[in-house]
Every structure is written in structure tokens, then in C-alpha cells.
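Okay, structure first, notes after.
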Amino acid sequence: MEHKNAFIITGPTSGIGYATALELAKYGTVIMVGRNQDKLNQVKKDIEGIGQKAIPIICDISDIKSVRQAAQQIIELQLPIGGLLNNAGIMQTKVKKNAQGWDMTFATNHLGAFALTEALVSHLPDGANVAFIASALEDPERKPAKIMGMKGARYLSAEASARGEWQAGGSKMAGIDAYATSKLCVLASTMALARENPRLHVNAIEPGITRGTGLGAENVNAFVHFLFGYLMSIIPPFSKYSSTPEKSAKVIAKVLTDKSGKTGIYFDEKGEPMLGSALSRDPAFQERVIAETRALLQKV
Ligand SMILES: NC(=O)c1ccc[n+]([C@@H]2O[C@H](COP(=O)([O-])OP(=O)(O)OC[C@H]3O[C@@H](n4cnc5c(N)ncnc54)[C@H](OP(=O)(O)O)[C@@H]3O)[C@@H](O)[C@H]2O)c1
């Protein structure tokens, strides 16, 4: 097994990111981008416990200034980067704003990940892998999401999303329009960035309905959160897409360490190619999302 590359991961302190950080540690140094020093120190200890190396970088992914500072710190490490994983993400029922006054979910899931990638792209060596964790909730036709009354992404524009405005007729569940729209932008940007950067390999991954993570945990009490995750893993059609952080980590690490040159692919929870929503697959829409995202980020 090679140990020459370093891998950057956002959100390594919980759930899928934690399991993936431990998995990636088998392939090289893990550069852990997170907002909580104590939690990062604990993950560092766990990685060192299996004889591997980890470097914590403090960063609030929702705050674009903090993201750019973190990117600078990573560049200054001068490590050969094998892969960048944009994993950090949130699903919230209460509307919150980031440091720039933008919708917290959109800023964390899409803008922060995009800004970090933009700041690092030119510093990544040829053949490096960039991966984004997307979500099938962006797709209005996705069966499990439809059953739960979710309506998929509700994109108006990047500016409108930053203001927390979504296309009318969305989900009745609080926070879902923001989450689904942010993930549509993640997926659309992945495909546009893959086209723009042929010397890199840029892909997206839907990790599956992954129980036992912190996603959405702040919205309900711990028992309901646990029960929900458990039921999802045994009731069809949800069970078909069910995963665990450890299973997701294996799939994600495979994509991030892949050397076969695959790019512009959306992988499912088993590591097989899948289709996103029709909108996410439209190249004109993909270009529009990155153009609007860049224009928005230029304001910071
Ligand atoms: N679980 C699922 O079923 C599922 C399905 C599809 C997609 N996903 C996606 O998978 C990714 C990981 O989610 P998860 O389920 O593993 O959730 P999780 O356990 O809640 O992990 C989220 C991670 O993101 C970090 N994070 C959140 N906001 C941040 C911020 N402002 N700055 C820096 N770090 C921040 C968290 O840090 P702290 O520890 O400091 O809070 C944590 O490490 C997300 O992108 C999510 O949308 C999950």
C-alpha cells in the first residue's frame, strides 16, 4: 500500500467523515478540516492510534473567509495531495445565517465546499482526486424522498439561495428545500468542475441513507433520531439505499484513492454510477450554477 499522498477531508469529526478519515489514514497523511479543536484532537489521536498521521486545520466551512485561510494553511504544508474530500454538511430545521449573512445550510454544504475547492485546485497535482458528498434528496423523482413528501431541489439562483429563498411549492418539512437545493448545487458544480479541470478527477458520491451519523440530530431528540435511522435501514424502499458510516467510508476512500482516471461520475452508496436529477445533468444548468456561485463568492 502506498503512503506518499496526503488527503484533505472536511468534517472528519463525526459520522461518515470520521469513518472516512480513519479509512483514508491507511493511504497517507490525513489533513482534517474541522471547526472544533477538541474533536479534531480526538480524531488525530484515533488516527495516530492506528499508526498513521493526521494534521488538524481549524475552519468553519460555512464562513468563506475562514475557508480561504484554511486553504492557505493547507497550501503552506506543501504536502503532495492525493485527494480532497468535501464531506462537511448539515441539515437544519431552523433557519440560520453564516458569517456573511447567507443561509447557513447553503453556505456550509455548497458555498464553503466550492470555495475550498477553488482555492486549492491550482495547487493540486495532476491526477489528484476531488470528491463531493452529494445527496439524492436533490432529485424530485427519488422514490424514498418522494414518499416522505420531499420535492427535491428548489433552485432560483445562487443569490436567492444565499438569501434562503427557494422555488415555491417545496417540501413542508423545515430545512429540506435548503438541504436539497444545496446538494443540487454540489452535484451540478462537480460536473462543471470535472469538465474545467481535465488534469484532475472530480466526482460526486451519494453515501446512502446512513444511520448513526449526526446529520439532522439537532432537529429531534436522540431516541427519535436513532429510531428513524433504524427504521430506514429495515423498511423498503429505504433499506435498499441503507448504509453505515463504515460502509460509506470504504466507497468514498476508493473514489478518493482511485488511479483509473474516472471523472465527472456520480457514485451511489455501493460505488456504482448513478443518475442525479434531470436538472443536475443539464450542462447549461451546471455552468450557470458555477458562474452564479463564483459571482457570489467574489463579494467576500
Ligand atoms: N447521513 C446520511 O444519511 C447522508 C445521506 C446523504 C448525504 N449525506 C452527507 O454526508 C455528509 C456527512 O454527513 P454525516 O451524515 O456524516 O453527518 P454528521 O455526522 O453530522 O457529520 C457532519 C460533519 O460536518 C461537520 N461540519 C458541519 N458544519 C460545519 C462547519 N460549519 N464547519 C466545519 N465543519 C462542519 C461536522 O463537524 P462537527 O463535528 O464540528 O459538528 C461533522 O464533522 C454531509 O455532507 C451530508 O449531507 C449524509
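The values are calculated or read from the model by the stated rules, or taken from the named source; none is laboratory data. Quick caveat, the model's predicted, so the values are computed rather than measured. Quick reminder, even Gly has a Cβ in these numbers, built from the backbone with ideal geometry, and neighbours come from all protein chains shown. We work out accessible area using only protein heavy atoms, side chains counted, and drop any ligands, DNA or RNA first. Shrake-Rupley method; radii C 1.70, N 1.55, O 1.52, S 1.80 Å.
Can you list the trypsin sites (Lys or Arg not before Pro) in the stretch 171-211 that are in a DSSP coil and have 15 or fewer other beta carbons within 10 angstrom?
K172, R199
Over 27 Å between Cα atoms, which of K44/K250; K94/K146; K65/K96; K65/K143; K146/K247 qualify?
K65/K143
In Å², what does the accessible area per residue of the chain work out to with a 1.4 Å probe?
Averaged over the residues of the chain, the accessible area is 44 Å².
In debye, nearest 20, what is the charge dipole magnitude of the chain about its Cα centre with +1 on Lys and Arg Cβ and -1 on Asp and Glu Cβ, if you could check?
The calculated dipole for the chain is roughly 280 debye.
So how exposed is M148, as accessible area in Å² (1.4 Å probe, rounded to 10)?
60 Å²
From the helices alone, meaning DSSP H stretches of at least four residues, give me the mean residue ellipticity at 222 nm for the chain, per-run term -39500 (n - 2.57), in deg cm²/dmol to the nearest 500.
Roughly -12500 deg cm²/dmol at 222 nm, from the helical runs in the chain.
Please list, by residue number, every one of the GluC sites (Glu not before Pro) in the stretch 139-232 that is coil in DSSP and has at most 14 other beta-carbon atoms within 10 Å.
Those that pass, being in a loop and sparsely packed, are E141.
How large a share of the accessible area of the chain, in percent, is made up of carbon and sulfur atoms when the probe is 1.4 Å and the other protein chains stay in place?
56 percent
How large is ³J(HN,Hα), in whole Hz, for each residue of the stretch 87-99 in order, when computed from phi with the Karplus curve 6.51 cos²θ - 1.76 cosθ + 1.60 and θ = phi - 60°, using x for Gly and Pro?
10, 3, x, 9, 9, 10, 8, 9, 6, 10, 10, 8, 4
Under a Cβ-only charge scheme (Lys and Arg +1, Asp and Glu -1), can you give me the dipole magnitude of the stretch 147-187 about the Cα centre, in debye to the nearest 20?
120 debye
Using Cα springs under 10 Å in a Gaussian network model of the chain, which residue among L187, L227, L124 shows the largest mean-square fluctuation?
L227
Take the cross-link list K4/K39; K26/K151; K39/K97 and give me the ones stretching past 31 Å between alpha-carbons.
K26/K151
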